[in-house]
Amino acid sequence: MKILALSDVHGDRHFIKEMAQKAVDNHVDLVLLAGDFAGSDGSVDGLIGPFKAKGLEVGLIPGNHESLADVSFLVERYGIKNLHGYVLIKGDVGIFGCGYANIGSHQLLEQDIFNTLKRAHDSIKDIKKKIMITHLHPEDSVLGLGIFPGSKSVRKALDEFQPDIHLCGHVHETGGIEEVLGKTKVINVGKKGKIIEI
């Protein structure tokens with residue numbers, strides 16, 4: 001399966017059109033948005049339509065710039081998959097996630113982050129391959145640059161569930177950087193996006 005994953009687009013509609021074409025050109029099976037797709041004015045217009053117009057399947061989680069209402073609107077309007085506390089199964093791959101952040105206007109407590117990930121993971125624990133998607137990066141990760149502490153709960157979930165891949169965003173400066181934590185490849189997909197094969 002081939003995935004185009006990106007985050008932190010912050011309302012850049014022109015860029016979304018480019019990414020939709022990139023997804024088609026690379027024959028991706030799924031597009032994943034790892035949060036902070038809304039513009040600074042809170043608008044989500046024009047951020048999913050270009051993908052759906054090209055017949056692409058989309059899954060997303062909210063970042064610290066999106067509300068539950070924003071996500072619910074997009075899910076209802078475009079028939080996309082909300083992965084905040086939910087799962088998506090494609091073949092032998094199970095994708096589970098938790099959105100929001102531990103800072104900002106749309107935030108979750110650390111315990112809520114872990115509980116959300118655990119509930120979702122428990123429903124796919126027997127699936128062969130797993131991808132975990134969050135907006136936040138894990139604690140003690142190079143993705144935080146030693147400045148942004150990340151999430152203790154995301155790190156705990158990585159240690160306990162050991163997904164094959166963890167996709168995140170949030171820290172713009174480390175977009176595109178990858179590291180391996182335990183058995184998991186951790187990728188800050190960033191605005192430029194990453195094509196991942198699993």
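All of the numbers you see were taken from the coordinates with simple rules; none came from a lab. Quick caveat, the model's predicted, so the values are computed rather than measured. Because the Cβ atoms are built from the backbone with ideal geometry, glycine has one as well, and the counts that use them run over all protein chains shown.
At-a-glance table
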item: Cβ-based net charge around residue 85, under 15 Å, with every Lys or Arg adding one and every Asp or Glu removing one; result: 0
item: GNM top mover of 37, 73, 161 - the chain, alpha-carbon springs below 10 Å; result: 73
item: Distance between modelled label sites at residue 27 and residue 75, nm, 7 Å Cα→Cβ extension; result: 3.2
item: Per-residue HN-Hα couplings for the range 176-185 [Karplus 6.51, -1.76, 1.60; θ = phi - 60°; Hz; x = Gly/Pro]; result: x, 7, 10, 8, 10, 10, x, 9, 10, 7
item: Under 5 Å, built H, 5+ apart or other chain: amide partners of residue 133; result: 96, 97, 98, 167
item: Considering only the chain, percent of DSSP beta bridges that pair antiparallel, nearest 5; result: 30
item: Calculated P(r) tail over 23 Å for the chain, as whole % of Cα pairs; result: 34
item: Exposure proxy ranking, count of Cβ atoms within 10 Å, fewest first, for 29, 41; result: 41, 29
item: Projected area, mean over directions - the range 10-90, Cα convex hull, nm²; result: 5.0
